[in-house]
Amino acid sequence: QVQLGESGGGLVQPGGSLRLSCAASGTIFSASAMAWYRQPPGKQRELVADITSEGTTNYVDSVKGRFIISRDNAKSTVYLQMNSLKPEDTAVYYCYTIYKWRSYWGQGTQVTVSS
C-alpha cells in the first residue's frame, strides 16, 4: 500500500519561504518519479513541479526561479523549497506519484501567503 504524507505548510508573509516535505512508503521510491500539485481556492488542481528518478526536474512557468523540487532517496522523501512566495501561491499542496500504473495522492498541506 503506497502512502504519501505531506508536511511543512503554514501561513507565511509575501516574500517569505517554506519547505514542504513528502514522505513516501510502500513504493520503490528511488525508481519513482514524484510531483507536487496545488489547488488554489475555487480553482482546479495544477502541476507545480516534478522530478524523475534520475533527478531531472520540471516546473510550471509561474514558479520557475522561486521553487526548487528535490529528493532524498535514502529518506524516501521529496521536498519543495518555496521562496519569494506570493499571495497567488496560496493553495493546498499535494504530493503525487504513480506506482504500478496507479496514481497516489497525499492528503495535502495548506499553504497560505498573506500579510
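Read-outs: derived from the displayed coordinates by stated rules, not from any lab. Only a predicted model underlies this, so the values are computations on that prediction, with no experimental measurement involved. Neighbour counts are summed over all protein chains in view; Cβ atoms, including those assigned to glycine, are modelled from backbone coordinates with ideal geometry.
So which residue, out of Gly42, Gly65, Gly16, gets the largest mean-square fluctuation from a GNM of the chain using Cα contacts under 10 Å as springs?
For the chain, modelled as a Gaussian network with Cα springs under 10 Å, the answer is Gly42.
Quick one: among Leu20, Leu80, Leu47, which has the greatest mean-square fluctuation in a GNM of the chain with alpha-carbon springs under 10 angstrom?
Taking springs between Cα atoms under 10 Å, the residue moving most is Leu47.
Given the C-alpha centroids of the stretch 57-77 and the stretch 2-40, what is the distance between them in whole angstrom?
The two parts, judged by their Cα centres, are 9 Å apart.
Taking θ as phi - 60°, what are the ³J(HN,Hα) couplings along the stretch 33-38 by the Karplus curve (6.51, -1.76, 1.60), each to the nearest whole Hz, with x for Gly and Pro?
6, 10, 8, 10, 10, 9
What distance in nm separates the simple spin-label points at Ser17 and Lys64, each placed 7 Å from Cα in the Cβ direction?
About 2.2 nm separates the two model spin labels.
Excluding Thr27 itself, what net charge comes from residues whose Cβ is under 12 Å from its Cβ, given Lys and Arg +1 and Asp and Glu -1? Please report the intermediate quantities before stating the final value.
On the way: positive: Lys100, Arg102; negative: none.
Local charge sum for Thr27: +2.
Treating the beta-carbon of each Lys and Arg as +1 and of each Asp and Glu as -1, no other charges, what is the dipole magnitude of the chain about its Cα centre, to the nearest 20 debye?
On the way: 11 positive and 8 negative charges, 23 e Å.
Using only the charged Cβ atoms, the result is roughly 100 debye.
Among all the lysines, which ones have a C-alpha under 26 Å from Lys75's C-alpha, if same-chain residues fewer than 8 places away are not counted?
Lys64, Lys100
Once Rh for the chain is found with the Kirkwood sum over Cα pairs, what is the Stokes-Einstein diffusion coefficient at 20 °C and 1.002 mPa s, in µm²/s?
Values: Rh = 14.0 Å.
Reported coefficient: 153 µm²/s.
What residue among Val60, Val48, Val12 has the largest mean-square fluctuation in a Gaussian network model of the chain, using Cα springs under 10 Å?
Most flexible of the set in this elastic network: Val60.
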